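Just below is one structure, and these are the notes that go with it.
The values are calculated or read from the model by the stated rules, or taken from the named source; none is laboratory data. Only a predicted model underlies this, so the values are computations on that prediction, with no experimental measurement involved. No Cβ is skipped: glycine too gets one built from the backbone with ideal geometry, and neighbour counts run over all protein chains shown.
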Amino acid sequence: VLSGVYSVEAMAPREALGFPLNIRDLDLTVDTLDGGSALINEDHPGFSDAEYRGRRDRIVQLAKAYRHGDRLPFIEYTDKEISTWQAVYERLQDCHAKWACTEYREMLQQMEKYCGYRANNIPQLADISDFLQQRTGFTLRPISGLLSARDFLNALAFRVFYSTQYIRHHGNPFYTPEPDVCHELLGHVPLFANPAFADFSQEIGLASLAASDDDVTRLASVYWFTVEFGLLREGNDCKAFGAGLLSSFGEMEWACDADPSEECREMGSMKELTKPTVLSLDPVQAAKQEYPITTYQPVLFCADSLQDAKTKISHFCDSLTRPFFPQYAT
Ligand code: HBI
Ligand code: FE
(Lines give C-alpha, C1' and ligand atoms only; values in the text may rest on other atoms or scores of the structure.)
(Ligands and ions follow the chains in the order given, each with its own letter.)
Protein backbone atom coordinates (compact mmCIF):
# COMPACT_ATOMS: atom_id res chain seq x y z
CA VAL A 1 0.00 0.00 0.00
CA LEU A 2 1.27 3.48 -0.81
CA SER A 3 1.22 6.10 1.88
CA GLY A 4 2.18 9.72 1.54
CA VAL A 5 -0.76 11.83 0.55
CA TYR A 6 -3.86 9.75 0.80
CA SER A 7 -5.11 8.56 4.13
CA VAL A 8 -6.82 5.20 4.17
CA GLU A 9 -10.21 6.95 4.34
CA ALA A 10 -9.38 9.03 1.31
CA MET A 11 -8.44 6.02 -0.82
CA ALA A 12 -10.35 6.30 -4.04
CA PRO A 13 -10.69 3.44 -6.48
CA ARG A 14 -8.05 3.38 -9.13
CA GLU A 15 -10.51 4.54 -11.79
CA ALA A 16 -10.85 7.82 -9.92
CA LEU A 17 -7.17 8.26 -9.10
CA GLY A 18 -5.89 7.19 -12.51
CA PHE A 19 -3.03 5.18 -11.05
CA PRO A 20 -2.63 2.07 -8.91
CA LEU A 21 -2.53 2.68 -5.17
CA ASN A 22 -2.29 -0.96 -4.19
CA ILE A 23 -0.63 -3.98 -5.78
CA ARG A 24 -4.08 -5.46 -6.39
CA ASP A 25 -5.00 -2.43 -8.52
CA LEU A 26 -2.66 -3.85 -11.17
CA ASP A 27 -5.57 -6.17 -12.02
CA LEU A 28 -7.16 -3.10 -13.62
CA THR A 29 -4.29 -2.70 -16.09
CA VAL A 30 -5.60 -4.70 -19.02
CA ASP A 31 -5.04 -2.70 -22.19
CA THR A 32 -1.91 -3.53 -24.10
CA LEU A 33 -0.66 -1.19 -26.82
CA ASP A 34 -1.10 -3.85 -29.49
CA GLY A 35 -4.77 -4.39 -28.66
CA GLY A 36 -4.15 -8.12 -28.24
CA SER A 37 -2.69 -8.65 -31.71
CA ALA A 38 0.66 -9.22 -30.02
CA LEU A 39 2.26 -7.16 -32.79
CA ILE A 40 1.94 -10.05 -35.20
CA ASN A 41 1.78 -8.45 -38.64
CA GLU A 42 3.23 -9.41 -42.04
CA ASP A 43 6.75 -8.58 -40.82
CA HIS A 44 6.52 -10.91 -37.84
CA PRO A 45 8.44 -14.21 -38.19
CA GLY A 46 5.34 -16.11 -36.97
CA PHE A 47 2.79 -14.32 -39.19
CA SER A 48 1.88 -17.25 -41.45
CA ASP A 49 2.33 -20.02 -38.88
CA ALA A 50 -1.15 -20.90 -37.60
CA GLU A 51 0.18 -23.39 -35.07
CA TYR A 52 2.50 -20.77 -33.56
CA ARG A 53 -0.24 -18.17 -33.40
CA GLY A 54 -2.67 -20.59 -31.75
CA ARG A 55 -0.12 -21.55 -29.14
CA ARG A 56 0.64 -17.93 -28.42
CA ASP A 57 -3.03 -17.07 -28.11
CA ARG A 58 -3.44 -19.75 -25.45
CA ILE A 59 -0.51 -18.39 -23.41
CA VAL A 60 -1.80 -14.82 -23.83
CA GLN A 61 -5.26 -15.88 -22.57
CA LEU A 62 -3.70 -17.22 -19.37
CA ALA A 63 -1.98 -13.87 -18.81
CA LYS A 64 -5.24 -11.99 -19.39
CA ALA A 65 -7.10 -14.20 -16.91
CA TYR A 66 -4.46 -13.71 -14.20
CA ARG A 67 -5.46 -11.83 -11.04
CA HIS A 68 -3.27 -10.74 -8.13
CA GLY A 69 -2.80 -13.65 -5.73
CA ASP A 70 -3.38 -16.37 -8.34
CA ARG A 71 -0.70 -18.95 -8.91
CA LEU A 72 1.45 -17.90 -11.84
CA PRO A 73 0.51 -19.90 -14.95
CA PHE A 74 2.57 -23.08 -15.41
CA ILE A 75 3.42 -23.55 -19.07
CA GLU A 76 4.39 -26.94 -20.37
CA TYR A 77 6.70 -25.90 -23.19
CA THR A 78 6.90 -28.03 -26.32
CA ASP A 79 10.10 -29.59 -27.66
CA LYS A 80 10.10 -27.02 -30.45
CA GLU A 81 9.89 -24.17 -27.96
CA ILE A 82 12.62 -25.68 -25.81
CA SER A 83 14.95 -25.98 -28.79
CA THR A 84 14.44 -22.28 -29.57
CA TRP A 85 15.31 -21.48 -25.94
CA GLN A 86 18.31 -23.80 -26.11
CA ALA A 87 19.68 -22.11 -29.23
CA VAL A 88 19.44 -18.72 -27.52
CA TYR A 89 20.80 -19.97 -24.18
CA GLU A 90 23.84 -21.64 -25.69
CA ARG A 91 24.62 -18.76 -28.00
CA LEU A 92 24.42 -16.26 -25.14
CA GLN A 93 26.63 -18.26 -22.78
CA ASP A 94 29.90 -17.31 -24.51
CA CYS A 95 28.74 -13.70 -24.85
CA HIS A 96 27.89 -13.43 -21.16
CA ALA A 97 31.30 -14.81 -20.21
CA LYS A 98 32.94 -11.99 -22.16
CA TRP A 99 30.61 -9.02 -21.85
CA ALA A 100 28.07 -9.44 -19.01
CA CYS A 101 28.68 -7.63 -15.71
CA THR A 102 29.82 -9.72 -12.73
CA GLU A 103 26.55 -9.21 -10.83
CA TYR A 104 24.62 -10.74 -13.72
CA ARG A 105 26.96 -13.70 -14.18
CA GLU A 106 26.88 -14.54 -10.49
CA MET A 107 23.12 -14.27 -10.35
CA LEU A 108 22.63 -16.45 -13.42
CA GLN A 109 24.54 -19.21 -11.63
CA GLN A 110 22.13 -18.91 -8.71
CA MET A 111 19.17 -19.04 -11.05
CA GLU A 112 20.61 -22.21 -12.54
CA LYS A 113 20.83 -23.64 -9.04
CA TYR A 114 17.43 -22.50 -7.72
CA CYS A 115 15.12 -21.60 -10.60
CA GLY A 116 15.52 -24.28 -13.27
CA TYR A 117 17.67 -22.23 -15.66
CA ARG A 118 19.31 -24.68 -18.10
CA ALA A 119 19.89 -24.92 -21.82
CA ASN A 120 17.22 -27.63 -22.15
CA ASN A 121 14.60 -26.18 -19.80
CA ILE A 122 12.55 -22.99 -19.98
CA PRO A 123 12.18 -21.84 -16.37
CA GLN A 124 8.72 -21.23 -14.91
CA LEU A 125 7.68 -17.75 -13.76
CA ALA A 126 6.43 -19.17 -10.45
CA ASP A 127 9.88 -20.51 -9.49
CA ILE A 128 11.60 -17.26 -10.48
CA SER A 129 9.06 -15.07 -8.73
CA ASP A 130 9.46 -17.00 -5.46
CA PHE A 131 13.24 -16.65 -5.69
CA LEU A 132 13.12 -12.90 -6.39
CA GLN A 133 10.61 -12.34 -3.62
CA GLN A 134 12.99 -13.87 -1.10
CA ARG A 135 15.93 -11.81 -2.36
CA THR A 136 14.49 -8.34 -2.95
CA GLY A 137 10.70 -8.52 -2.68
CA PHE A 138 10.24 -8.32 -6.46
CA THR A 139 7.59 -10.56 -8.01
CA LEU A 140 6.61 -11.36 -11.57
CA ARG A 141 3.22 -10.88 -13.14
CA PRO A 142 2.30 -12.41 -16.51
CA ILE A 143 1.37 -9.99 -19.30
CA SER A 144 -0.11 -10.53 -22.74
CA GLY A 145 2.03 -8.00 -24.63
CA LEU A 146 3.39 -4.48 -24.70
CA LEU A 147 1.94 -2.00 -22.21
CA SER A 148 2.09 1.78 -22.30
CA ALA A 149 5.20 3.18 -20.64
CA ARG A 150 3.03 4.54 -17.81
CA ASP A 151 1.31 1.23 -17.03
CA PHE A 152 4.57 -0.67 -17.33
CA LEU A 153 6.53 1.68 -15.04
CA ASN A 154 3.68 2.05 -12.51
CA ALA A 155 3.95 -1.66 -11.62
CA LEU A 156 7.62 -1.25 -10.68
CA ALA A 157 6.42 0.99 -7.81
CA PHE A 158 4.99 -2.20 -6.26
CA ARG A 159 8.12 -4.22 -7.04
CA VAL A 160 6.24 -6.02 -9.79
CA PHE A 161 7.84 -6.82 -13.12
CA TYR A 162 5.57 -7.76 -16.02
CA SER A 163 6.83 -10.76 -17.93
CA THR A 164 5.60 -12.32 -21.15
CA GLN A 165 5.51 -16.11 -21.16
CA TYR A 166 5.46 -17.00 -24.86
CA ILE A 167 8.61 -17.56 -26.89
CA ARG A 168 9.76 -16.09 -30.22
CA HIS A 169 9.17 -18.00 -33.45
CA HIS A 170 11.48 -20.99 -34.01
CA GLY A 171 12.22 -19.85 -37.58
CA ASN A 172 14.58 -17.20 -36.26
CA PRO A 173 15.79 -17.87 -32.71
CA PHE A 174 18.08 -14.85 -32.75
CA TYR A 175 15.49 -12.25 -33.61
CA THR A 176 12.31 -11.03 -31.94
CA PRO A 177 10.46 -7.78 -32.61
CA GLU A 178 8.92 -7.78 -29.11
CA PRO A 179 9.64 -9.01 -25.59
CA ASP A 180 9.43 -12.80 -25.15
CA VAL A 181 10.43 -15.28 -22.48
CA CYS A 182 14.09 -15.26 -23.66
CA HIS A 183 14.32 -11.48 -23.31
CA GLU A 184 12.53 -11.41 -19.94
CA LEU A 185 14.20 -14.39 -18.29
CA LEU A 186 17.72 -14.07 -19.71
CA GLY A 187 17.77 -10.29 -20.03
CA HIS A 188 15.75 -8.82 -17.17
CA VAL A 189 15.06 -11.23 -14.40
CA PRO A 190 18.47 -12.08 -12.88
CA LEU A 191 19.31 -8.52 -11.82
CA PHE A 192 16.01 -8.03 -10.00
CA ALA A 193 17.63 -10.22 -7.34
CA ASN A 194 20.28 -7.48 -6.83
CA PRO A 195 19.20 -5.03 -4.07
CA ALA A 196 20.56 -1.81 -5.65
CA PHE A 197 19.07 -2.69 -9.04
CA ALA A 198 15.72 -3.59 -7.47
CA ASP A 199 15.72 -0.30 -5.54
CA PHE A 200 16.32 2.00 -8.49
CA SER A 201 13.82 0.09 -10.62
CA GLN A 202 11.23 0.73 -7.92
CA GLU A 203 12.27 4.40 -7.64
CA ILE A 204 11.54 4.87 -11.34
CA GLY A 205 8.18 3.20 -10.75
CA LEU A 206 7.27 5.35 -7.75
CA ALA A 207 8.20 8.50 -9.68
CA SER A 208 5.93 7.43 -12.54
CA LEU A 209 2.78 7.35 -10.38
CA ALA A 210 0.56 10.31 -11.26
CA ALA A 211 3.49 11.82 -13.19
CA SER A 212 2.86 14.16 -16.14
CA ASP A 213 3.12 12.65 -19.62
CA ASP A 214 6.42 14.49 -20.13
CA ASP A 215 7.85 13.04 -16.95
CA VAL A 216 6.72 9.54 -17.91
CA THR A 217 8.57 10.01 -21.20
CA ARG A 218 11.68 11.13 -19.29
CA LEU A 219 11.46 8.19 -16.88
CA ALA A 220 10.94 5.75 -19.77
CA SER A 221 14.10 7.15 -21.34
CA VAL A 222 16.11 6.73 -18.13
CA TYR A 223 14.72 3.19 -17.90
CA TRP A 224 15.82 2.57 -21.49
CA PHE A 225 19.41 3.70 -20.89
CA THR A 226 19.76 1.73 -17.64
CA VAL A 227 17.46 -1.30 -17.26
CA GLU A 228 17.39 -1.97 -21.02
CA PHE A 229 20.77 -0.78 -22.32
CA GLY A 230 22.86 0.13 -19.28
CA LEU A 231 26.60 -0.48 -19.05
CA LEU A 232 28.66 -0.95 -15.90
CA ARG A 233 32.31 -0.01 -15.45
CA GLU A 234 34.63 -2.88 -14.51
CA GLY A 235 38.24 -1.73 -14.55
CA ASN A 236 38.85 -0.31 -18.01
CA ASP A 237 35.85 -2.11 -19.53
CA CYS A 238 32.17 -1.35 -19.79
CA LYS A 239 30.16 -4.52 -19.19
CA ALA A 240 26.49 -5.09 -19.97
CA PHE A 241 23.77 -4.88 -17.33
CA GLY A 242 20.85 -3.80 -19.53
CA ALA A 243 18.44 -6.53 -20.63
CA GLY A 244 18.42 -5.43 -24.27
CA LEU A 245 22.15 -6.12 -24.34
CA LEU A 246 22.17 -9.27 -22.19
CA SER A 247 19.51 -10.98 -24.33
CA SER A 248 20.99 -10.04 -27.72
CA PHE A 249 24.42 -11.33 -28.64
CA GLY A 250 24.73 -8.96 -31.60
CA GLU A 251 24.02 -5.82 -29.64
CA MET A 252 26.05 -6.99 -26.61
CA GLU A 253 29.11 -7.47 -28.78
CA TRP A 254 28.50 -4.16 -30.53
CA ALA A 255 28.24 -2.31 -27.22
CA CYS A 256 31.01 -4.08 -25.30
CA ASP A 257 33.66 -5.40 -27.70
CA ALA A 258 36.50 -3.13 -28.79
CA ASP A 259 36.52 -4.73 -32.22
CA PRO A 260 33.10 -6.18 -33.15
CA SER A 261 33.05 -9.05 -35.64
CA GLU A 262 31.82 -8.84 -39.22
CA GLU A 263 28.71 -10.87 -38.32
CA CYS A 264 27.87 -8.48 -35.52
CA ARG A 265 28.25 -5.47 -37.80
CA GLU A 266 26.05 -7.02 -40.48
CA MET A 267 23.32 -8.01 -38.04
CA GLY A 268 23.08 -4.51 -36.66
CA SER A 269 21.99 -2.94 -39.94
CA MET A 270 23.97 0.15 -39.02
CA LYS A 271 24.99 2.23 -42.02
CA GLU A 272 27.89 3.87 -40.29
CA LEU A 273 30.04 1.21 -38.74
CA THR A 274 31.34 3.40 -35.96
CA LYS A 275 31.26 2.26 -32.37
CA PRO A 276 28.57 3.65 -30.04
CA THR A 277 29.39 6.73 -28.01
CA VAL A 278 29.63 5.73 -24.34
CA LEU A 279 28.86 8.47 -21.82
CA SER A 280 29.14 8.38 -18.05
CA LEU A 281 25.65 7.81 -16.58
CA ASP A 282 23.81 11.09 -16.16
CA PRO A 283 20.03 10.61 -15.79
CA VAL A 284 19.30 14.25 -16.73
CA GLN A 285 20.98 13.69 -20.07
CA ALA A 286 19.62 10.13 -20.47
CA ALA A 287 16.10 11.52 -19.90
CA LYS A 288 16.34 13.66 -23.04
CA GLN A 289 18.61 11.48 -25.18
CA GLU A 290 16.86 10.17 -28.29
CA TYR A 291 17.14 6.48 -29.13
CA PRO A 292 16.27 4.20 -32.04
CA ILE A 293 14.32 1.02 -31.26
CA THR A 294 15.09 -1.05 -34.34
CA THR A 295 18.87 -0.61 -34.72
CA TYR A 296 21.86 -0.86 -32.41
CA GLN A 297 22.06 2.02 -29.96
CA PRO A 298 24.38 4.84 -31.10
CA VAL A 299 24.63 6.28 -27.56
CA LEU A 300 24.99 4.31 -24.33
CA PHE A 301 25.50 5.27 -20.69
CA CYS A 302 27.97 3.59 -18.33
CA ALA A 303 27.48 3.65 -14.52
CA ASP A 304 30.36 3.16 -12.08
CA SER A 305 28.34 0.55 -10.17
CA LEU A 306 24.73 -0.44 -9.56
CA GLN A 307 24.90 1.60 -6.36
CA ASP A 308 26.09 4.58 -8.43
CA ALA A 309 23.09 4.11 -10.74
CA LYS A 310 20.78 3.93 -7.73
CA THR A 311 22.13 7.15 -6.19
CA LYS A 312 21.94 9.09 -9.45
CA ILE A 313 18.47 7.85 -10.37
CA SER A 314 17.24 8.65 -6.88
CA HIS A 315 18.47 12.26 -7.22
CA PHE A 316 16.91 12.50 -10.64
CA CYS A 317 13.51 11.27 -9.44
CA ASP A 318 13.60 13.75 -6.57
CA SER A 319 14.27 16.57 -9.03
CA LEU A 320 11.05 15.97 -10.99
CA THR A 321 8.00 18.09 -10.21
CA ARG A 322 6.05 15.47 -8.33
CA PRO A 323 2.54 15.68 -6.92
CA PHE A 324 3.69 13.63 -3.92
CA PHE A 325 6.52 11.43 -2.73
CA PRO A 326 4.98 8.07 -1.93
CA GLN A 327 6.51 5.45 0.32
CA TYR A 328 5.87 1.80 -0.21
CA ALA A 329 4.97 -0.53 2.62
CA THR A 330 4.11 -4.18 2.28
N1 HBI B 1 5.50 -3.55 -21.97
N2 HBI B 1 5.04 -5.79 -21.62
C3 HBI B 1 5.93 -4.79 -21.70
N4 HBI B 1 7.25 -5.08 -21.54
C5 HBI B 1 8.19 -4.09 -21.58
O6 HBI B 1 9.39 -4.36 -21.40
C7 HBI B 1 7.78 -2.77 -21.84
C8 HBI B 1 6.40 -2.53 -22.04
N9 HBI B 1 5.98 -1.28 -22.30
C10 HBI B 1 6.90 -0.15 -22.33
C11 HBI B 1 8.32 -0.52 -22.10
N12 HBI B 1 8.67 -1.74 -21.88
C13 HBI B 1 9.47 0.42 -22.13
O14 HBI B 1 9.83 0.73 -23.45
C15 HBI B 1 9.42 1.71 -21.40
O16 HBI B 1 8.62 2.60 -22.13
C17 HBI B 1 9.05 1.65 -20.00
FE1 FE C 1 12.87 -5.30 -21.85
- Item | Selection count, the range 116-135, where residues are in a loop (DSSP other than H, G, I, E, B) and either over 17 Å from the mean Cα position of the chain (by Cα) or modelled with pLDDT under 95 (or both) | 5
- Task: Give me the pairs, please: first residue somewhere in the range 92-118 and at positive phi, second residue anywhere and in a helix (DSSP H, G or I) and surrounded by 14 or more Cβ atoms within 10 Å (Cβ to Cβ), beta-carbon distance under 6 Å, and either six or more positions apart or on two chains.
- Result: Gly116/Asp127
- Meets criteria (near ligand 1 (Cβ under 9 Å from one of its atoms), closer than 20 Å to Arg91 by Cβ and at pLDDT 95 or above) for Glu178: no
- Note on the structure: If we keep only residues of the range 145-178 that are among the aromatic types (Phe, Trp, Tyr) and within 13 Å of ligand 2 (Cβ to nearest atom), then the residue surrounded by the fewest Cβ atoms within 10 Å (Cβ to Cβ) is Phe152
- Given the structure, is Glu228 within 16 Å of ligand 2 (Cβ to nearest atom), among the acidic types (Asp, Glu) and surrounded by fewer than 24 Cβ atoms within 10 Å (Cβ to Cβ)? yes
- Query: Hey, does the range 123-143 have a residue that's touching a residue at least 24 places away in the same chain (Cβ under 8 Å), under 22 Å from Val222 (Cα atoms) and either of a type in the set (Asp, Glu) or more than 16 Å from ligand 2 (Cβ to nearest atom) (or both)?
  - Reply: yes
- Message: Here are the criteria: (1) in contact with a Gly (Cβ under 8 Å, 6 or more places away or on another chain); (2) within 15 Å of ligand 1 (Cβ to nearest atom); (3) touching a residue at least 60 places away in the same chain (Cβ under 8 Å). Tell me which single one Val222 does not satisfy.
- Response: (1)
- Item | Residues within the range 65-115 that are within 19 Å of the chain's Cα centre (by Cα), surrounded by fewer than 16 Cβ atoms within 10 Å (Cβ to Cβ) and under 28 Å from Asp27 (Cα atoms), tallied | 0
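Looking only at the range 137-146, filter to residues that are touching a strand residue (DSSP E or B) at 6+ places or on another chain (Cβ under 8 Å) and of a type outside the set (A, V, I, L, M, F, W, C); which one of those is farthest from ligand 1 (Cβ to nearest atom)?
For the range 137-146, the residue satisfying everything is Thr139.
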- Qualifying positions in the range 179-211 - part of a loop (DSSP other than H, G, I, E, B) and more than 13 Å from ligand 2 (Cβ to nearest atom): Asn194, Leu209, Ala210, Ala211
- Which residues, counting only those in the range 147-161, are of a type in the set (A, V, I, L, M, F, W, C) and either over 14 Å from Trp224 (Cβ atoms) or more than 7 Å from ligand 1 (Cβ to nearest atom) (or both)? Leu147, Ala155, Leu156, Ala157, Phe158, Val160, Phe161
- Residue by residue through the range 60-115, note down the ones that are among the basic types (Lys, Arg) and assigned to a helix (DSSP H, G or I). Lys64, Lys80, Arg91, Lys98, Arg105, Lys113
- Message: Restricting to the range 250-267, and then to whatever is of a type outside the set (Asp, Glu) and modelled with pLDDT under 90, can you tell me which residue is surrounded by the fewest Cβ atoms within 10 Å (Cβ to Cβ)?
- Response: Ala258
